[in-house]
1. Among the residues of region 257-287, write down those that are within 21 Å of the chain's Cα centre (by Cα) and hydrophobic (A, V, I, L, M, F, W, C).
2. Restricting to region 162-183, give me the number of residues that are exposed (fewer than 15 other Cβ atoms within 10 Å of the Cβ) and either within 13 Å of the chain's Cα centre (by Cα) or at pLDDT 95 or above (or both).
3. Tell me yes or no: at least one residue of region 247-255 is at pLDDT 95 or above, farther than 23 Å from Q228 by Cβ and not aliphatic (A, V, I, L, M).
4. Restricting to region 205-215, what's the tally of residues that are surrounded by fewer than 24 Cβ atoms within 10 Å (Cβ to Cβ) and out of contact with any Leu (no Cβ under 8 Å at 6 or more places or on another chain)?
5. Go through region 200-238 and report how many residues are at pLDDT below 95 and not hydroxyl-bearing (S, T, Y).
6. From the list V107, V118, V102, pick out the single residue that is surrounded by fewer than 19 Cβ atoms within 10 Å (Cβ to Cβ), touching a residue at least 12 places away in the same chain (Cβ under 8 Å) and either touching a helix residue (DSSP H, G or I) at 6+ places or on another chain (Cβ under 7 Å) or part of a helix (DSSP H, G or I) (or both).
7. Taking region 128-166 on its own, how many of its residues are outside any helix (DSSP H, G or I) and touching a Leu at 6+ places or on another chain (Cβ under 9 Å)?
Amino acid sequence: MRKILLALTAELRRLKSNGVKTVPVSPETIARLKAVVDAQASVQAATKPAEAVGPLTPASPASPTPAAPVVPASRSVGVAPPKVTLPSGDKVSQMEWLRDRVLHDPVCRERVRPGKQVVVGVGSLDAKIFFCGEAPGAEEEIQGEPFVGPAGQLLTRMIQGMGLKREEVYIGNIMNWRPELPTAPGREQEGNRPPTAEELKYCLPFLEAQLQIVNPQVIVALGSTAAQGLLGVGSFKTLGEIRGRWKLFAERPVMVTYHPSYILRNASNRSKRAIWEDLLKVMERVGLAISEKQQRYFLEK
């Protein structure tokens, strides 16, 4: 139960950082949650020694409100970020060297659970557009490729809507491993958590090396955590402050937009249009033709 609550708390924090203020919950879900809480309370009451139960004392008005459960951060990285100096050679040989460097990085390998993989970016080494997320999820650490789960499938459709193929762009994450959550021995991790500032800082040199090789015209930061990783943790409070605006990272223009998972949770034309308007700006920036049909995608009817 505690693991589920920790995962739920992490997801709610993630939604809040992306500017989401309300979450729809069905009456059936509320009833089921209440039943679980009531059952838990009954068990605790039945097993608590009678002598330990004293008179109830009303809380003082000045008593602080209990803090919400905090998802434990990963163990400290404990070492400085790596220094990555690309060897001379063409893009293919440089990327092969970098991929081998990341896959055998001791910090990355130490934090990947048995049977899972370190994840490096994929796509065209001559891509004009570099899509940047925050970290691998459950599907990504299995396949060793970024954005292959439901959010990744939606990203692929978004790229196709731009008139491109997935293999014509470059897709990566700042993080190269899935951020850990407490997990019982022999059990799969449930849920995800945002990377810590230290984790983002450690992996950033690997991302910068990928940018150096691909040399894209534009970076698209997908979601609040990716944007914080590129622009600086604490550089903004909510994604709405900077979404749709051009920023700069490593001397390259950055378009900040919502993560595709935002659309999976808010599948309205309004939310789809918000991301699409950001992508139209990207298309214009890199010189892609924009048809009248593309201009009108997801407009409210």
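The values are calculated or read from the model by the stated rules, or taken from the named source; none is laboratory data. Fair warning: this is a prediction, and the values are worked out from it, not measured in the lab. Note that we place each Cβ from the backbone using ideal geometry, even for glycine, and neighbour counts take in every protein chain shown.
1. Of everything in region 257-287, those that are within 21 Å of the chain's Cα centre (by Cα) and hydrophobic (A, V, I, L, M, F, W, C) turn out to be I263, L264, A267, A274, I275, W276, L279, V282.
2. Result for region 162-183: 3.
3. No, every residue in region 247-255 fails to be at pLDDT 95 or above, farther than 23 Å from Q228 by Cβ and not aliphatic (A, V, I, L, M).
4. Here the count works out to 4.
5. The number of residues fulfilling the criteria is 5.
6. Just a single option satisfies the conditions, and that option is V107.
7. Residues that pass the stated criteria total 13.
A quick yes/no check of all residues on (1) free of Cβ contacts under 8 Å to residues at least 60 places away in the same chain; (2) closer than 25 Å to K165 by Cβ; (3) surrounded by 13 or more Cβ atoms within 10 Å (Cβ to Cβ):
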residue	(1), (2), (3)
S224	no, no, yes
E251	yes, no, no
Y262	no, yes, yes
R273	yes, yes, yes
D278	yes, yes, yes
V286	no, yes, yes
Q294	no, yes, yes
F298	yes, yes, yes
